[in-house]
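**Q** Starting off with a structure, shown below.
The values are calculated or read from the model by the stated rules, or taken from the named source; none is laboratory data. Treat the numbers as computed from the prediction; the structure is a model and nothing was measured. Backbone-built Cβ (ideal geometry, glycine too); neighbour counts: all protein chains shown. All accessible areas refer to the heavy atoms of the entire protein, side chains included, with ligands and DNA or RNA removed. Shrake-Rupley method; radii C 1.70, N 1.55, O 1.52, S 1.80 Å.
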Amino acid sequence: MSLLEIRNLSVEFETVKGTFRAVDGVDLSIGENDILSIVGESGSGKSVSMLAVMGLLPWTANVTADKMEFEGRNLLTLSSKERRKIIGQDISMIFQEPMSSLNPCFTVGFQIGETLKEHLGLDRNARKKRAIELLDLVGIPAPEERLKAFPHQLSGGMSQRVMIAMAIACNPKLLVADEPTTALDVTIQAQIIDLLVNLQNEKGMALVLITHDMGVVAETAKRVVVMYAGQQVEQQEANGLFATPHHPYTHALLDALPERSLGLDRLPTIEGIVPGAGDRPDGCLFSPRCKYVQDDCRASVPPLENISDTTLRCFHPVDLEGQAT
Amino acid sequence: MTAAIEGHELKRYYQVKGEGFFAKPTILKAVDGASFSLESGKTLAIVGESGCGKSTLARLATMIEKPTEGNIFISGADPHAHGGAEIPRLRQDVQIIFQNPYGSLNPRKKVGVILEEPVIINQNVSAADRRRLAETMLDKVGLRPEHYDRYPHMFSGGQRQRIAIARALMLKPKVLIADEPVSALDISIQAQVLNILMDLQEEMNLALVFISHDLSVVRRIADQIMVMYLGKVVEQGEASTIFANPAHPYTQALLGATPAVDPKLRRERVKLTGELPSPLNPPPGCPFHTRCRFVQDICSSTAPPLETKFERLVACHFAEAAVES
Amino acid sequence: MDSVADTPRKSMLRQNLAEFWYYFSESKSAVVGLAFLAGIILMAIFADFIAPHDPTIQYRECLEHAPAWGEEKCNFIFGTDYAGRDMLSRIIYGTRLSLVAGGIVVLLCLSVGIVFGLLAGFFRGWVDTTIMRIMDTIMSVPGLLMALVLVAILGPGLLNAMIAISITYLPHFVRLTRSSYITESSKEYVIASKVAGAGRFRIMFITILPNCMAPLIVQGTLSFSTAILDTAALGFLGMGAQPPAPEWGTLIAENRDLMLSAPWTVTFPGLAILLAVLAINLMGDGLRDALDPKMKRS
């Protein structure tokens, strides 16, 4: 049975210019001990969809789904009190900006202790012991001293480690990492990714990695969901996706990576930009930029279909040779 | 042939207030001895993590700041000689684009005004000619003449970066400093902007100083590389030589930490333990010795000189061991 | 590819205005405040046509006449004061003085405050220290007391009152300009201008200043209402506009002795002050919501 099961998730925002659909028909299923990566460019709805699962969106957001279940419990109908019990304990999350994710007014020890007190009801001494254990687990040297440190005394990498320590404090079953390394330096990024994957292995939790960095995805994820303009366009095993992407968007995106075109004079590009709120095309959202576009693509939105081991939203998927069928 | 831009033993120190009320000010050695020489049409990539001094080097090259020691030469002329009398003339030859496309354009000015500002300040050109020049430039970076009258907030990140490029090239400079020009952009947009940079470099015979932490981009675009760590140059030479076989342990670690999609391009991950030391209080001897896997006693006492080994400049006592590994 | 920027140019301004109005009109009280203020301004402009009587004519037969409606003799809706002048007309003409006082105070503060703030922010060092310490000194004395002392030195009168009030408000504007200048000056577009060769003057006034205006506009609006209040206070204390000028504070002062026998003579000017200040404050809050990017929701 999968841990988190989502069918047809949509999120809409009311704005000055009318309704904006940030997430449009996303299907996800995350098993225990799974590493799923959600990739997409900015504005593709990758963060918003997970925030919707966590119930962390502002009230202006309108979340709808056919099914949104965590361990068989329906997250849509849960009262906010019950939801809070799950969020932070069974599902937790880390964010892109480690420096601003920690409250600058309180020490690291206090902030970790808060989580432990809220969810596990540990007493003072047990909290301290557990906090030291956690900091040690995420590779912070001299954890006893670090407990008294304020966030501004920590570097970006250290802050992210503290965030991870807080996130795994209650042994969550699912950890959502939203661009956890984007704000960090390359060598620190490698450390944090290794830490996350090791923790995932040791603790047997599921990990959802939201990122735009294809390299990070290729080196960590087992399965990959590719999102474009709020829609899920492709889902595949990581190896398969990077070897034979089937959606024209995934295909073009991978081609645009600098490392894939070392021999070429210029980088292959995707012409145009992601459609905004006001100019979404009628048919397939990628059709205005697609190399393989045909008339039916412009007429109607392709449904999300399973083709062998791939979930695709495309009428004319690209096969192995890079030709549209 | 004189180099378009040349740096000779550039140093830039800042006085920083110490912690505490009575603490003595400490000296921050942001750039500590960097030399380079770049011809027209070539690209020099300056690579390093935060605090390595790459952005300070950009400020020195654009003559916003004066080097504490050493000299900079623009087409052979020293701007800081004769009390800086030549700066206004030489400034036109060196222009810059920044990382954050949202911060680098004045939000209260129309695109046309932004583009024409450098011309208004430096040259005596009629309004009609200025406008024609601005529109030509917009065309060159793939925007349309009607964008002349729009405000920056109406453009996406990639389009803004194009405007920034257009502005930098309005004065027909000989040198373009690009400070992390694509790190804030999505992959597909990144490819577009890189292509534009390469096209314009070819067309205008620009010397391009490309500052970046992303080695997969650097590998794509650079002719020469300068790797910096805490203000010091640790390795410098032809890009192909260094990418084929990095000789400094830090360069190796950087390459190893850069995630790659293609398994063939993945290097064995040389794990760096520990954090980046603070540039305010760099380790004695070789600045990298606290995180280096080849460290020996001499490293913590004597700073290795930058010398020619294996057809490049490298500052390491044990470059031989590093190359062989 | 240019979907974002492809809206026709003409509608650009309209779109900006529409967005401004969207945020502004989210607060109903701000809209009410704006409408009321518009009414006051119209009243000030067309006072000659609206006011039923000349504000200085003394109707000797109707001294201290209570408010009356539809009477044949002494038909004064707001009553008359100790000298038999029509209260309504005096209040209507008073709007002119109050609005002018508020407006001039804000203009003085903005122009002087911006210059000092920019100088402090640009030069830093001793220029900054000198300017800011002077401003701190001004702020350390209670505003009205400071204004009283200044008027005592300059001599009573509406113009001097306005100057005095401007000086007491100046520190807020200087501080605000300085802080937003410092925030803006570290942005990359400023460096880009420097690289393009822009001089000091250009950087200060053309590149950065327009980006500091939003908080200044809000501060200006809110100061407008306090300026009206303080002008009235000085007028009441006899240090502001001098009788027979129908300034609101002066109106209350000259009828102070009649507070018990003819309460309408002080009630209506007081109400006028209250409503005008309230309207401007409500509008100022709405402006802040619409202009302050920190409060803007996406």
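**Q** Tell me the residue from A:182, A:187 that is assigned to a loop (DSSP other than H, G, I, E, B) and either away from chain B (no Cβ under 14 Å) or under 30 Å from residue B:228 (Cα atoms) (or both), please. Before the answer, list the steps.
**A** Details: A:187 fails: assigned to a loop (DSSP other than H, G, I, E, B).
That would be A:182, the only listed residue that is assigned to a loop (DSSP other than H, G, I, E, B) and either away from chain B (no Cβ under 14 Å) or under 30 Å from residue B:228 (Cα atoms) (or both).
**Q** Scan region A:260-313 residue by residue and report those that are open to solvent by 80 Å² or more (accessible area, probe 1.4 Å), more than 30 Å from residue B:266 (Cα to Cα) and touching a Lys or Arg at 6+ places or on another chain (Cβ under 8 Å).
**A** Across region A:260-313, the qualifying residues are A:278, A:282, A:305.
**Q** Would you pick out the residues in region B:136-153 that are open to solvent by 50 Å² or more (accessible area, probe 1.4 Å) and over 19 Å from residue B:106 (Cβ atoms)? Give the derivation first.
**A** Quick first cut of region B:136-153, residues open to solvent by 50 Å² or more (accessible area, probe 1.4 Å) only: B:136, B:139-140, B:144-146, B:151, B:153.
Passing the criteria: B:136, B:139, B:140, B:144, B:145, B:146.
**Q** Something else now. Got a sec? Which of A:154, A:116 is closer than 16 Å to residue A:92 by Cβ and either surrounded by fewer than 19 Cβ atoms within 10 Å (Cβ to Cβ) or not hydroxyl-bearing (Ser, Thr, Tyr) (or both)?
**A** Values: A:154 fails: closer than 16 Å to residue A:92 by Cβ.
Going through A:154, A:116 in turn, the sole match is A:116.
**Q** Considering region A:106-126 alone, what residues qualify as being at negative phi and either of a type in the set (Asp, Glu) or free of Cβ contacts under 8 Å to residues at least 24 places away in the same chain (or both)?
**A** Taking region A:106-126 and keeping what is at negative phi, we get A:106-120, A:122-126.
Once the filter is applied, which keeps residues that are at negative phi and either of a type in the set (Asp, Glu) or free of Cβ contacts under 8 Å to residues at least 24 places away in the same chain (or both), region A:106-126 yields A:110, A:113, A:114, A:117, A:118, A:122, A:123, A:124, A:125, A:126.
**Q** Among (1) in a helix (DSSP H, G or I); (2) closer than 15 Å to residue C:90 by Cα; (3) β-branched (Val, Ile, Thr), there is one condition residue C:31 misses while meeting the rest; what is its number?
**A** Residue C:31 satisfies every listed condition except (2).
**Q** Cβ-Cβ under 6 Å, sequence separation 6+ or interchain: first residue in region B:109-127 and touching a residue at least 40 places away in the same chain (Cβ under 8 Å), partner among the β-branched types (Val, Ile, Thr) and part of a helix (DSSP H, G or I). Which pairs?
**A** Qualifying pairs under 6 Å: B:111/B:163.
**Q** Give the number of residues within region B:248-277 that are hydrophobic (A, V, I, L, M, F, W, C), closer than 23 Å to residue B:303 by Cβ and at the interface with another protein chain (Cβ under 8 Å from one of its Cβ atoms).
**A** Total satisfying the criteria: 4.
**Q** Would you kindly identify the helices (runs of 4 or more DSSP H) lying entirely within region A:198-273 that contain at least 3 residues that are at the interface with chain B (Cβ under 9 Å from one of its Cβ atoms) and farther than 27 Å from residue A:167 by Cα? Show your work before the answer.
**A** Values: elements: A:214-220, A:238-243, A:248-255.
So the answer is A:248-255.
**Q** Can I ask one more? When you check residue B:165 against the structure, is it under 23 Å from residue A:219 (Cβ atoms), more than 14 Å from chain A (Cβ to nearest Cβ) and either assigned to a strand (DSSP E or B) or hydrophobic (A, V, I, L, M, F, W, C) (or both), yes or no?
**A** Numbers: under 23 Å from residue A:219 (Cβ atoms): no; more than 14 Å from chain A (Cβ to nearest Cβ): yes; either assigned to a strand (DSSP E or B) or hydrophobic (A, V, I, L, M, F, W, C) (or both): yes.
Criteria not met by residue B:165.
**Q** What do you reckon, is residue B:242 out of contact with any Pro (no Cβ under 9 Å at 6 or more places or on another chain) and either among the acidic types (Asp, Glu) or modelled with pLDDT of 90 or more (or both)? Give the steps one after another, and end with the answer.
**A** Numbers: out of contact with any Pro (no Cβ under 9 Å at 6 or more places or on another chain): yes; either among the acidic types (Asp, Glu) or modelled with pLDDT of 90 or more (or both): yes.
Yes: the conditions hold for residue B:242.
**Q** Among the residues of region C:182-196, which ones are small (Gly, Ala, Ser) and either open to solvent by 50 Å² or more (accessible area, probe 1.4 Å) or more than 7 Å from chain B (Cβ to nearest Cβ) (or both)? Before you say what the answer is, go through the steps one by one.
**A** From region C:182-196, those small (Gly, Ala, Ser) are C:185-186, C:192-193, C:196; that's our starting set.
Passing the criteria: C:185, C:186.
**Q** Let me ask another. I want to confirm something. Restricting to region B:278-297 and keeping residues that are in contact with a Gly (Cβ under 8 Å, 6 or more places away or on another chain) and open to solvent by 50 Å² or more (accessible area, probe 1.4 Å), which single residue is nearest to the other protein chains (Cβ to nearest Cβ)?
**A** As a first pass, look at region B:278-297 and keep what is in contact with a Gly (Cβ under 8 Å, 6 or more places away or on another chain): B:278-279, B:282, B:287, B:290-291.
Pick out the ones that are also open to solvent by 50 Å² or more (accessible area, probe 1.4 Å) and you get B:278, B:282, B:290.
On the way: B:278: 8, B:282: 15, B:290: 12 Å.
Taking the candidates together, the pick is B:278.
**Q** Only one of A:16, A:48 is of a type in the set (Val, Ile, Thr), within 21 Å of residue A:210 (Cα to Cα) and open to solvent by 10 Å² or more (accessible area, probe 1.4 Å); which?
**A** Details: A:16 fails: within 21 Å of residue A:210 (Cα to Cα).
Among A:16, A:48, only A:48 is of a type in the set (Val, Ile, Thr), within 21 Å of residue A:210 (Cα to Cα) and open to solvent by 10 Å² or more (accessible area, probe 1.4 Å).
**Q** Considering C:262, C:233, which residue is part of a loop (DSSP other than H, G, I, E, B) and either modelled with pLDDT of 85 or more or crowded, with 19+ Cβ neighbours inside 10 Å (or both)? Working first, answer last.
**A** Details: C:233 fails: part of a loop (DSSP other than H, G, I, E, B).
Result: C:262 is the single residue among C:262, C:233 that is part of a loop (DSSP other than H, G, I, E, B) and either modelled with pLDDT of 85 or more or crowded, with 19+ Cβ neighbours inside 10 Å (or both).
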